[in-house]
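Only one structure is covered here, and it is reproduced in the block below.
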Amino acid sequence: MEAIALRELRRTWELLLLLTFRELKLRYQDTILGFVWSLIKPLLLGAVLYLALRRIARFDIPDYQLFLLSALFPWTWFSASVMLATPSFAHNGNLIKKVRFPRFVLPFSVVANNMVHFLLSIPILLVFILAAGGRPSPLWLVGIPLLTLVQLALLMGIVLLVASFDVFFRDLEHLTEVFLNLWFYVTPILYPLEWTGRLKPLFLLNPMSPLIEAWRNLFIHNTLPGPELWVSIAFVAAAAALGVGAFRRLEGGFADAL
Amino acid sequence: MLSETSEAIVLEQVGKRYLLNLYRPDSLKTALLHLPSVLNGRQRWPFWALDDISLTIRKGESVGIIGPNGSGKSTLLRIMSRIAPPTRGKVTVRGRVSALLELGSGFHPQISGRENAILNAVLLGLNLREARERMPEIIEFSELGDFIDQPMRTYSSGMYVRLGFAVAVHVRPEILLVDEVLAVGDAEFQSKCFAHIEKLRAENVTIVLVSHDLWSVARFCDRVVLLTQGRVAMDGAPQPVIHEYLSRIALLTSLPTPLPSGAPEI
């Protein structure tokens, strides 16, 4: 029995890898700039935000371009994953109806795919850091895997939850799009968490707040996350419980609903 | 461990109910508007696609499932392959199942036949190493030659199903469930497919074959089950069951008046 379970585990893992590689390959196939698009999008957004907020609205934040990008790259991983993974069951109805396989690999491969894009954007961030006179620290070797793991686990719970419900309520695809747009502004991406003042406890109810702060502190100040990261970790546990619970309850109905 | 028992698939009083929509809450709005009726299920019409099916299929048996359209054949395969759970009753399946409900599920036109074949093989139950090891056999069987490294959008529909079939039969399952997919390719490729199924049979693979092609059912199966309206109408040796099915069709088509439709279950 154990041998079979191990075999299945290995196969599931390989399936996840194959799907992730396929997505990586397909995403920018037949484009001239290819993977560079993954960098251009947050860089352009960063440039416009820099112009609007630093030059025009006169935000008093030193090295604002760095401040923005160190948050925009992890945020892009987060929002693109949720947005693209939401319909990952619903749009693969044909596969779900015809083949028996561990279905959770579908949303997870979207998350993994976007994670790879995020990790590949770190060198670009490094260029900006060096240009601003900063230096990478050996602490990155601990911080990057740690924060990647927390964000990955958070995403896995969220996408499992949303993608499972999306099979039955396709509205979720539109809802997540709207919600992610709003979420962007209530996450300390454009401004530091300390600017939120008395509202700070409220902002800490957002699992992405401490995570974005932690990414920024790691990249700009070379410091490891403080106790506030525990808020995010608590959200990871909640998202995992909800995601696994919803998936288990709803999975049986996927083939009939699609 | 698994060979101690000789039963491959056991269905005990299996029923599958579909709720047909009067108001299917496929969006939040309709669900909210019809919340009371959605919650108590009053607006939906229960339809039993399968009703009280008890079947035992032994290891190494080849069983054909026949019956008119809408009799529940495909639903039965879907339940045996555990793609959808039964509404009631119990399903026990012992052994590695490969369900051939469709050829080339998940094939993507933008990537090569080789990459698609590997992903498909892993989807159907192999691990990556086994899938890579079997690629030469799969390529040879599919007769694709150098086309294997071309993106699948360049394939003809014949090439597409040939690759799908080649992968499916090289997954080497202990139980093979086949839904009406054998009629693929030209006559030559078809006979090759049949020869391969024959070989699997000789290797004691359990085969469940859903088909309208009574000739191939008679040729490949040791036993045939006739389904009508979600129930087992007859179960036994191929000749008498096929004969019964054909005589029912003859009876129906000779009726002068429109058929009285079967009384609904509800």
Legend entry - Assigned charges on the beta-carbon of Lys, Arg, Asp, Glu; the protein assembly as shown dipole about Cα centre (debye): 900
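Report the local net charge at A:LEU69: Lys and Arg +1, Asp and Glu -1, summed over other residues whose C-beta lies under 13 Å from its C-beta.
+2
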Legend entry - Dipole of the protein assembly as shown, positive end: most advanced residue of A:PHE73, B:TRP45, B:HIS196 [Cβ charges, Cα centre]: A:PHE73
Inset, instruction - Work from the charge dipole of chain A (Cβ charges, +1 for Lys and Arg, -1 for Asp and Glu, about the Cα centre) and give the residue of A:HIS91, A:THR223, A:PHE184 farthest towards its positive end. - result: A:HIS91
Legend entry - Virtual spin-label span in nm between B:LEU252 and A:SER137, 7 Å along Cα→Cβ: 7.7
Legend entry - Relative contact order of region A:2-257, pairs being alpha-carbon contacts under 8 Å that are 6 or more residues apart, as %: 25
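Would you calculate the volume per residue, in Å³, of the smallest convex hull containing every Cα atom of the protein assembly as shown?
195
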Legend entry - B:ASP235-A:TRP37 pseudo-label distance in nm [points 7 Å out on the Cα-to-Cβ vector]: 5.4
Inset, instruction - Go through A:ALA239, A:LEU211, A:PHE254 and say which Cα lies farthest out towards the positive end of the charge dipole of region A:165-258; charges sit on Cβ, +1 for Lys and Arg, -1 for Asp and Glu. - result: A:LEU211
Legend entry - Full-extension gain in nm, A:HIS91 to A:TYR28, via 0.36 nm per residue minus C-alpha separation: 20.7 nm
Legend entry - Cα-based Rg of region B:87-142 normalised by 2.2 N^0.38 Å, two decimals: 1.38
Inset, instruction - Work out the FRET efficiency for A:GLU177 and A:LEU258 from their Cβ-Cβ distance, taking R0 = 30 Å, and round it to the nearest 0.05. - result: 0.90
Legend entry - Spacing of the two label points (7 Å from each Cα toward its C-beta) at A:VAL127 and B:GLU188, in nm: 5.5
Inset, instruction - Could you run the Debye sum over the Cα atoms of region A:2-257, one equal point scatterer each and no solvent, and tell me log10 of I(q)/I(0) at q = 0.07, 0.11, 0.14 Å⁻¹, two decimals? - result: -0.26, -0.64, -1.02
Inset, instruction - Please state the charge dipole magnitude for region A:2-257, taken about the Cα centre, from unit charges on C-beta atoms (+1 on K and R, -1 on D and E), reported in debye and rounded to the nearest 20. - result: 280
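Read-outs: derived from the displayed coordinates by stated rules, not from any lab. All figures in this text were calculated on a predicted structure; none of them were measured in a lab. Backbone-built Cβ (ideal geometry, glycine too); neighbour counts: all protein chains shown.
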